[in-house]
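Novice: Just passing along the structure, written as structure tokens.
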Amino acid sequence: MKRKTRRLWLVIACVAGLGAAAGLTLSAFSSNIVFFMTPSQVAAKAPPADRTIRLGGMVVAGSVHRERHGETPVNSFEVTDGQAAVTVQFEGILPDLFREGQSVVAVGSMTTDGGFAASEVLAKHDETYMPKEVAEELQKSGKWDPKFGPPPNAASWNAMTAKDAKTSSRGS
């Protein structure tokens, strides 16, 4: 084998190795990516049931229901972005800062009946926090304009009831 031919095969092997490494890396990333969605995005186009997403919004006042199945607490509540609401089911203990009318992000997947099965619920950490994505969706929906100040706080959402959220989700 000539020297040029050996060099060519070495370059081809290196390119193939780098391609395989890049492919494996991208494959590992794609299985770990979790997209953020709001209730109105879910209502417009629900993700597949096997896809893990983060659902963010405000907990609808009057929608929290707590039960016990044996030793396991089962919580049900609605999350809204002001345009649509999605019912979330969560088995486990909710965070201490979880409240009606507060920002929340639930990690999980859609169920076949259109609800959301959460494996994790994250509550806001202080009275001024709102997930960036929720603030952006409020701005897009016309519920908040940044030139008029910071995003609305949780107190402004306390007036929204479960009935209002269901009415607005049917209208969209």
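Just so it is clear, none of the values below were taken in a lab; they were calculated from the coordinates. Nothing here was measured: the structure is a model prediction, and the numbers come from that model. For neighbour counting, all protein chains shown are included, and Cβ atoms are generated from backbone atoms with ideal geometry for every residue, glycine included.
Novice: At what distance in nm do the modelled label points of ILE93 and ARG68 sit from each other, each positioned 7 Å from its Cα along Cα→Cβ?
Specialist: Here the answer is 1.4 nm between the modelled labels.
Novice: Starting from the eigenvalues of the Cα gyration tensor, five times each then square-rooted, give me the equivalent ellipsoid semi-axes of the range 6-126, largest first, whole Å.
Specialist: 41, 15, 13
Novice: In addition: Identify the trypsin sites (Lys or Arg not before Pro) of the range 16-55 meeting these criteria: DSSP loop state and at most 14 other C-beta atoms within 10 Å of the C-beta.
Specialist: Filter output for the range 16-55: LYS45, ARG51.
Novice: Among the chymotrypsin sites (Phe, Trp or Tyr not before Pro) within the range 68-123, which fall in a DSSP loop and have no more than 12 other Cβ atoms within 10 Å of their own Cβ?
Specialist: none
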